[in-house]
Amino acid sequence: METKLFINKVFEVAKNMNLEEFEIYFVASENETIKVFKGDVDTYSSSQNMGISFRTKVDGKMGYSYTESLEEEDILPLIERALSNGKVIENLDVIETYGDKSEYKKIDSFNPNLDQISVEDKINFLLKLEKTAFKLDSRVKSVNYCMLGSGAGENIIKNSKGLDLYHKGNSIYAYIAVVVQDGESIKNDSAYIVTRNFSHMDPVKLATDAVNKALNKLNSISIESKTYNVIIQNDTFADLLGSMSGIFSAEAVQKGVSKLKGKINELIANPLVTIVDNPHLKDGYGSSPFDAEGVPTQCKNLIENGILKTYIYNLKTAKKDNVKTTGNASKGGYKGTMGISTFNLYLENGKTSFENLLGKLDNGILITGFSGLHSGLNSISGDFSLATEGFLVENGKITKSLNQITAAGNFFELLKDIECIGNDLKFNLSSVGSPSILVKNISVSS
């Protein structure tokens with residue numbers, strides 16, 4: 001059955017059953033991935049996923065069910081399972097559906113032209129990307145990854161309180177990872193681009209970025225283990241910020257696993273620091289007019305001029321704190337439970353160019369990559385000890401690549417120790433962004 005027709009029929013049946021409160025949540029996605037290796041297509045995969053979850057209130061508690069089959073005979077079992085599940089729920093948290101009269105910002109997240117890009121064009125792009133990487137320098141020994149992925153998704157929320165919402169988005173990305181060798185020195189690096197416009201993807205530029213980054217690492221040196229002033233490159237700090245983003249969740253605060261508990265309106269970072277969650281960011285890959293509960297999204301400063309201004313909420317956590325939700329409910333697909341997450345999270349740009357950041361650093365270290373964020377970072381305490389890639393900076397100039405260094409510190413102290421912020425804001429593939437930052441007192445060991 002056609003999706004919207006199925007949803008309308010579920011709604012009609014549920015309404016006729018006089019259910020206390022109910023909601024239909026639909027999500028669908030299409031993904032295509034192509035990899036090439038040594039001039040040939042290595043793998044090709046294409047997948048489609050879709051499903052509907054249904055939730056309804058039973059004696060004040062919310063019961064859930066879901067289905068991937070959109071046939072008429074699936075409608076009644078879908079509703080009955082939710083009713084049955086609601087009767088055995090022991091959680092006493094009050095969960096409600098959203099139905100306030102609201103305005104939703106128009107978010108254009110879908111480019112229909114992406115659907116017109118042929119598989120042949122994508123393969124040719126990848127073949128040129130790989131070939132260019134090898135041609136750029138004889139020290140390029142292998143291209144470990146050369147891949148392109150594209151995806152599209154749509155979301156519908158309809159409930160008994162009058163909500164009837166729809167949003168659709170798509171994007172395309174390319175990624176290349178190369179290995180270079182000069183004598184005994186072997187290094188690797190990568191580059192990526194994500195966009196909604198295939199014409200913005202330049203295989204020569206992408207290959208050049210990856211190769212140059214890898215070549216710059218060759219013949220690295222060891223350094224003295226001590227405390228350094230450092231610049232953390234934009235995408236590197238974005239990765240760290242993304243790994244720590246859970247500290248802003250009201251659920252983490254209420255459970256006592258965020259160090260930001262009780263610190264609203266307190267100075268927790270250098271006054272230069274403003275961290276934003278912006279679901280309305282133009283061309284943002286996390287942008288959306290509504291969250292997973294159908295609440296209108298809003299741009300908000302989580303930290304403003306160093307002061308913690310708000311946590312991020314869904315309806316359940318907002319009710320616990322007796323505040324309004326910030327519209328940050330999230331679901332990991334139609335089977336997922338309701339959680340909290342950011343949309344486009346980023347440290348706001350400063351006014352200083354990267355070159356001037358180097359000048360302000362004068363002598364120190366440029367950190368260009370962290371490894372082991374899943375294991376070397378404690379997202380509760382903020383303590384980190386991470387395998388790190390970087391360069392020595394002498395007299396404001398990048399000089400030598402550094403060999404096998406580890407950076408250690410604390411994320412919360414790092415926010416206070418930021419001394420200057422660059423103007424080179426960049427987002428990673430997880431919709432978290434940052435400019436490069438100058439930080440004092442980071443412990444670096446060789």
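Annotations
- Loop-located GluC sites (Glu not before Pro) across segment 148-230 with a Cβ neighbour count of 12 or fewer within 10 Å are GLU184, GLU224, with loop assigned by DSSP.
- Computed over neighbours whose Cβ is under 10 Å from that of PRO279, the net charge equals 0, Lys and Arg +1, Asp and Glu -1.
- Among the listed pairs LYS135/LYS168; LYS106/LYS416; LYS9/LYS316, those beyond 30 Å (Cα-Cα): LYS135/LYS168; LYS106/LYS416
- Note on the chain: with charges restricted to the Cβ of Lys and Arg (+1) and Asp and Glu (-1), its dipole about the Cα centre is near 780 debye.
- What the phi angles of segment 232-247 give under the Karplus curve with 6.51, -1.76 and 1.60, with θ = phi - 60°, is a coupling list of 9, 4, 3, 5, 6, 5, 4, 4, 5, 4, x, 5, 9, 5, x, 5 Hz, glycine and proline written as x.
- For segment 44-95, applying the loop criterion from DSSP together with a ceiling of 15 other beta carbons within 10 Å to the GluC sites (Glu not before Pro) yields GLU68, GLU71, GLU90.
- Taking amide H atoms as placed 1.01 Å from N in the peptide plane, the amide H of ASP42 lies under 5 Å from those of LYS35, VAL36, PHE37, each 5 or more residues away in sequence or on another chain.
- The portion of the accessible surface of the chain made up by carbon and sulfur, rounded to a whole percent, is 46 (1.4 Å probe; DNA, RNA and ligands excluded).
- Options [x] 4, 15, 17, 16, 17, 15, 11, 4, 0; [y] 4, 16, 22, 20, 14, 10, 6, 4, 3, 1, 0; [z] 4, 18, 25, 25, 17, 8, 2, 0 - which one matches P(r) over Cα pairs in 10 Å bins from 0, in percent as calculated here: [z]
- Pairwise label distance in nanometres, ASN49 with ILE89, each label 7 Å out on the Cα-Cβ vector: 2.3
- Total formal charge among the other residues, if their Cβ is under 12 angstrom from that of GLU20, Lys/Arg +1 and Asp/Glu -1: +1
- Estimated distance in nm for a label pair at SER375 and GLU73, the labels positioned 7 Å out from Cα along Cα-to-Cβ: 5.0
- For the chain: relative contact order, % (alpha-carbon pairs under 8 angstrom, 6 or more apart): 15
- On a per residue basis, segment 316-379 carries 49 Å² of accessible surface, using protein heavy atoms and a 1.4 Å probe.
- Alpha-carbon centroid distance for the pair segment 317-351 / segment 50-109, whole angstrom: 19
- Note, ³J(HN,Hα) from phi for segment 282-292, Karplus 6.51, -1.76, 1.60, rounded to Hz, x at Gly and Pro: 4, 6, x, 8, x, 5, 7, x, 8, 8, 6
- Alpha-carbon centroids, segment 111-172 and segment 270-315: separation in whole Å: 26
- Extreme residue, positive dipole direction of the chain, given options VAL211, MET1, GLY369 (C-beta unit charges): GLY369
The values are calculated or read from the model by the stated rules, or taken from the named source; none is laboratory data. What you are looking at is a predicted structure, and each value in this text was computed from that prediction instead of being measured. So basically every Cβ, Gly included, is an ideal-geometry build from the backbone, and we count neighbours across all protein chains shown. Please note that ligands, DNA and RNA were not included when accessible areas were found on the heavy atoms of the full protein model with its side chains. Shrake-Rupley method; radii C 1.70, N 1.55, O 1.52, S 1.80 Å.
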